[in-house]
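Participant: Quick one: structure below, then a few questions.
The values are calculated or read from the model by the stated rules, or taken from the named source; none is laboratory data. Owing to the predicted nature of the structure, the values given are computational and were not obtained by experimental measurement. Glycine also receives a Cβ, built like all others from the backbone with ideal geometry; neighbour counts cover every protein chain displayed.
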Amino acid sequence: MLVVIRAKIDPELRQKIAEDLKGYIKVVVDVQRGIMSAGGQKHVDGEELLLKDGSRQENLWGAGLDLETGQMDFDSMINIRPAQNSSREILDPKIRQKVEMVTRQLLEEQECKPGT
């Protein structure tokens with residue numbers, strides 16, 4: 001299940017989204033608009049969904065959240081941009097922080113600070 005998320009989701013929807021990868025959720029965050037796509041098996045599908053929704057490529061970043069451990073990763077093929085980011089990993093700490101903040105605000109049950 002792949003969806004665009006604009007506000008905090010309920011636990012039931014979060015569980016349905018997490019079924020695609022057995023408790024791990026791939027996300028693509030629009031750091032400008034503060035929205036995201038979540039679910040599915042490929043970041044590129046979430047990226048496409050947000051582009052159709054009006055997002056701009058330079059504002060989209062791929063990451064993932066493990067619901068069991070609460071750990072996030074910032075690794076995705078969509079993050080490779082020769083002029084902006086030379087790695088699958090999001091290198092800019094400010095962008096990483098924004099991606100984590102939006103992800104946790106929209107997906108987690110309780111409010112968390114980045115890095116927790």
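Participant: Only residues that are without any contact (Cβ under 8 Å) to a residue 12 or more places away in the chain and either touching a Ser or Thr at 6+ places or on another chain (Cβ under 7 Å) or assigned to a helix (DSSP H, G or I) (or both): list them for the range 14-30, please. Give the derivation first.
Facilitator: Pass one, the range 14-30, residues without any contact (Cβ under 8 Å) to a residue 12 or more places away in the chain: 15, 22.
Listed by number, the list holds a single entry, Gln15.
Participant: Follow-up. Please determine, by comparing only the residues of the range 2-13 that are part of a loop (DSSP other than H, G, I, E, B) and out of contact with any strand residue (DSSP E or B) (no Cβ under 7 Å at 6 or more places or on another chain), which one is nearest to Gln105 (Cα to Cα). Step through it out loud before you land on a result.
Facilitator: The first filter runs over the range 2-13 and keeps only residues part of a loop (DSSP other than H, G, I, E, B), leaving 6-10.
Subset that is out of contact with any strand residue (DSSP E or B) (no Cβ under 7 Å at 6 or more places or on another chain): 7-10.
On the way: Ala7: 8, Lys8: 6, Ile9: 9, Asp10: 12 Å.
Among those that are part of a loop (DSSP other than H, G, I, E, B) and out of contact with any strand residue (DSSP E or B) (no Cβ under 7 Å at 6 or more places or on another chain), it is Lys8.
Participant: If you don't mind, there's one more thing I want to ask. Name the single residue, out of those in the range 46-82 being touching a Ser or Thr at 6+ places or on another chain (Cβ under 8 Å) and part of a helix (DSSP H, G or I), that is nearest to Gln97 (Cα to Cα).
Facilitator: Filtering first and then ranking leaves Asn79.
Participant: Just to verify a result, which residue in the range 55-84, among those that are among the small types (Gly, Ala, Ser) and surrounded by fewer than 16 Cβ atoms within 10 Å (Cβ to Cβ), is modelled with the highest pLDDT?
Facilitator: So in the range 55-84, the residues among the small types (Gly, Ala, Ser) come out as 55, 62-64, 70, 76, 83.
Applying the additional criterion that residues be surrounded by fewer than 16 Cβ atoms within 10 Å (Cβ to Cβ) yields 70, 83.
Working: Gly70: 93, Ala83: 87.
Among residues in the range 55-84 that are among the small types (Gly, Ala, Ser) and surrounded by fewer than 16 Cβ atoms within 10 Å (Cβ to Cβ), the one modelled with the highest pLDDT is Gly70.
Participant: Follow-up. Filter the range 83-95 down to the residues that are under 17 Å from the mean Cα position of the chain (by Cα) and either among the hydrophobic types (A, V, I, L, M, F, W, C) or assigned to a helix (DSSP H, G or I) (or both) and list them by number.
Facilitator: Ile90, Leu91, Pro93, Lys94, Ile95 - these are the residues of the range 83-95 that are under 17 Å from the mean Cα position of the chain (by Cα) and either among the hydrophobic types (A, V, I, L, M, F, W, C) or assigned to a helix (DSSP H, G or I) (or both).
Participant: Within the range 31-45, restricting attention to residues that are part of a strand (DSSP E or B) and without any contact (Cβ under 8 Å) to a residue 40 or more places away in the chain, which residue is surrounded by the fewest Cβ atoms within 10 Å (Cβ to Cβ)? Working first, answer last.
Facilitator: As a first pass, look at the range 31-45 and keep what is part of a strand (DSSP E or B): 35-39.
Still in the list and also without any contact (Cβ under 8 Å) to a residue 40 or more places away in the chain: 37, 39.
Values: Ser37: 27, Gly39: 23.
Looking at residues that are part of a strand (DSSP E or B) and without any contact (Cβ under 8 Å) to a residue 40 or more places away in the chain, I get Gly39.
Participant: Taking the condition assigned to a loop (DSSP other than H, G, I, E, B), surrounded by fewer than 17 Cβ atoms within 10 Å (Cβ to Cβ) and either modelled with pLDDT of 95 or more or out of contact with any strand residue (DSSP E or B) (no Cβ under 9 Å at 6 or more places or on another chain) (or both), does Glu111 pass? If you could, list the steps in order and put the result at the bottom.
Facilitator: On the way: assigned to a loop (DSSP other than H, G, I, E, B): yes; surrounded by fewer than 17 Cβ atoms within 10 Å (Cβ to Cβ): yes; either modelled with pLDDT of 95 or more or out of contact with any strand residue (DSSP E or B) (no Cβ under 9 Å at 6 or more places or on another chain) (or both): yes.
It is true that Glu111 is assigned to a loop (DSSP other than H, G, I, E, B), surrounded by fewer than 17 Cβ atoms within 10 Å (Cβ to Cβ) and either modelled with pLDDT of 95 or more or out of contact with any strand residue (DSSP E or B) (no Cβ under 9 Å at 6 or more places or on another chain) (or both).
Participant: For the structure I just gave you, tell me whether Ser87 is surrounded by fewer than 18 Cβ atoms within 10 Å (Cβ to Cβ), of a type in the set (Ser, Thr, Tyr), at pLDDT 95 or above and over 14 Å from Val3 (Cβ atoms).
Facilitator: Against the criterion (surrounded by fewer than 18 Cβ atoms within 10 Å (Cβ to Cβ), of a type in the set (Ser, Thr, Tyr), at pLDDT 95 or above and over 14 Å from Val3 (Cβ atoms)), Ser87 qualifies.
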